[in-house]
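Inspection log for the structure reproduced underneath, given as structure tokens.
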Amino acid sequence: MRLERVWLIVRAASAAASAQARRCAEELHADGVTVVTSVSGPSSNPFPGLLATESGPPDLAIVLGGDGTVLGAARHLSPYGVPILSFNVGGHLGFLTHERRQMRPEGAEPSGNLWQRLRDDRFALEQRMMLQACVGRVDGVSLGGAGEEGELPHRALNDFYFRPCQDEIAPTCVLEIEIDGEVVDQVRGDGLILATPTGSTGYSLAAGGPILHPGLEGIVITPICPISISSRTIVVPPRARVCVWPLGEASRRVRLWKDGTHGTVLDPGDRCTVERAPEPALFVLLEHSPSYYRTISRKLHWASDLVAAEPSRN
């Protein structure tokens, strides 16, 4: 890997991430690498400014934080093919990140070993499917989607979900689902989730959806607390084109969320088209034998009570 320009993306309000970022920047500067450090969080999005002011995208983005920080980096950097190397420093669950200790494994040479390993291409690149969403009206007038001049589609690595805007009444809505031009359901309930395999272990899982291995590609459509038990989760092919239409009176506005952050607001009569994004997210893998099953077993505490009660030969 060419390692001339690196962006350090640091989780906001994390002293541990800030301290680690300073050490990384010092080591990279000593190796002659140009480093730009920025803070990322719910109220601070560094990517529009970086992409507008820097001469070009970096060779590598190093993310120090949790899954939320990684999701923000993936949404903005995937169109440019920037590989992301992430470490769980100051984050929480860490499904998408390396353990912090992998920055300096035991027995490894001191500072610079990780950077030399990257230069020597001793890593793997993993592609993760992403989704994109475009919003428009029935009459074709754009309302914040790809058709609006100067505005790109919304992107998500985990999921898009639709929830009612109203706070003063019961949070329910009616969403019509069209797949490849065919209306398949009208979901009445608290909302709807469209998730990638990566996002299948997030909000979709909490709403009763299945877990998909990231080696698969597909779109998981999961109703949130549907009033009708006939509205069930469905997994459609990655090439499917899913349109979601809010129904009802004008006050029944629906908010679109992307990876847990605000996307836009839809009025009844608007249409949101969700499909696979043309560019996947690229992640740098440092483990020699990464195991998805080991990761989810550890993060979701699978069989922990069972193992405690019944010793296993495995």
Original post:
Would you say Leu152 is under 30 Å from Gly215 (Cβ atoms), surrounded by fewer than 20 Cβ atoms within 10 Å (Cβ to Cβ), modelled with pLDDT under 95 and assigned by TED's automatic domain parsing to the domain that holds Arg255?
Top reply: yes
Original post:
How many residues does segment 13-25 hold that are surrounded by 15 or more Cβ atoms within 10 Å (Cβ to Cβ), within 23 Å of the chain's Cα centre (by Cα) and without any contact (Cβ under 8 Å) to a residue 40 or more places away in the chain?
Top reply: 1
Original post:
Within segment 223-310, which strands (runs of 3 or more DSSP E) (wholly inside it) include 2 or more residues that are in contact with a Leu (Cβ under 8 Å, 6 or more places away or on another chain)?
Top reply: 242-247, 254-258, 261-266, 270-276, 281-285
Original post:
If you take the residues of segment 211-220 that are modelled with pLDDT of 95 or more and crowded, with 16+ Cβ neighbours inside 10 Å, which of them is farthest from Gln132 (Cα to Cα)?
Top reply: Leu212
Original post:
Is it true that some residue in segment 26-38 is surrounded by fewer than 19 Cβ atoms within 10 Å (Cβ to Cβ), small (Gly, Ala, Ser) and in a strand (DSSP E or B)?
Top reply: yes
Original post:
Which residue out of Val82, Val70 is of a type in the set (A, V, I, L, M) and assigned to a loop (DSSP other than H, G, I, E, B)?
Top reply: Val82
**OP:** Looking at (1) modelled with pLDDT under 95; (2) out of contact with any Pro (no Cβ under 6 Å at 6 or more places or on another chain); (3) not assigned by TED's automatic domain parsing to the domain that holds Asp121, find the lone condition where Gly248 falls short.
**Re:** (2)
**OP:** Starting from residues that are of a type in the set (Ser, Thr, Tyr) and closer than 19 Å to Val89 by Cβ, keep the ones in segment 17-52 and report whichever is modelled with the lowest pLDDT.
**Re:** Ser44
**OP:** Check whether at least one residue in segment 84-92 is surrounded by fewer than 23 Cβ atoms within 10 Å (Cβ to Cβ) and at pLDDT below 95, and report yes or no.
**Re:** yes
Subject >> Flag for Trp257 being under 14 Å from Leu131 (Cβ atoms) and assigned by TED's automatic domain parsing to the domain that holds Leu157 >> reply: yes
Subject >> Which listed residue is within 16 Å of Thr273 (Cα to Cα) and not polar (S, T, N, Q), from Gly181, Gly215, Gly202, Gly189 >> reply: Gly181
Original post:
Does Arg253 satisfy being closer than 19 Å to His154 by Cβ and at pLDDT below 95?
Top reply: yes
Subject >> Failed criterion for Leu205 (all others in (1) under 25 Å from Val174 (Cβ atoms); (2) outside any strand (DSSP E or B); (3) touching a Ser or Thr at 6+ places or on another chain (Cβ under 7 Å) hold) >> reply: (3)
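Residues checked against (1) modelled with pLDDT of 95 or more; (2) in contact with a helix residue (DSSP H, G or I) (Cβ under 8 Å, 6 or more places away or on another chain):
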position: Ala170; (1), (2): no, no
position: Val183; (1), (2): yes, no
position: Leu192; (1), (2): yes, no
position: Ala195; (1), (2): yes, yes
position: Gly209; (1), (2): yes, yes
position: Thr222; (1), (2): yes, yes
position: Pro237; (1), (2): yes, no
position: Arg241; (1), (2): yes, no
position: Val244; (1), (2): yes, no
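Yes/no matrix, rows are residues, columns are (1) within 17 Å of the chain's Cα centre (by Cα); (2) over 22 Å from Tyr161 (Cα atoms):
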site: Pro214; (1), (2): yes, no
site: Val220; (1), (2): yes, no
site: Pro246; (1), (2): no, no
site: Gly269; (1), (2): no, no
site: Glu279; (1), (2): yes, no
site: Leu286; (1), (2): no, yes
site: Ser291; (1), (2): no, yes
Original post:
For segment 162-189, how many residues are touching a Gly at 6+ places or on another chain (Cβ under 7 Å) and of a type in the set (Val, Ile, Thr)?
Top reply: 2
Subject >> Matching residues, segment 53-65, being modelled with pLDDT of 95 or more and either among the small types (Gly, Ala, Ser) or crowded, with 20+ Cβ neighbours inside 10 Å (or both) >> reply: Pro58, Leu60, Ala61, Ile62, Val63, Leu64, Gly65
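I need the full set of residues from segment 196-210 which are surrounded by 17 or more Cβ atoms within 10 Å (Cβ to Cβ) and not hydrophobic (A, V, I, L, M, F, W, C), in order please. Reasoning before the result, please.
Residues of segment 196-210 surrounded by 17 or more Cβ atoms within 10 Å (Cβ to Cβ): 196-205, 207, 209.
Within segment 196-210, Thr196, Pro197, Thr198, Gly199, Ser200, Thr201, Gly202, Tyr203, Ser204, Gly209 meet the criteria.
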Subject >> Complete set of residues in segment 221-260 that are charged (D, E, K, R) and either surrounded by 19 or more Cβ atoms within 10 Å (Cβ to Cβ) or more than 30 Å from Pro290 (Cβ to Cβ) (or both) >> reply: Arg232, Arg241, Glu249, Arg252, Arg253, Arg255, Lys258, Asp259
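The values are calculated or read from the model by the stated rules, or taken from the named source; none is laboratory data. Note that the coordinates shown come from a computational prediction; the quantities given were computed from them, not determined experimentally. Glycine also receives a Cβ, built like all others from the backbone with ideal geometry; neighbour counts cover every protein chain displayed.
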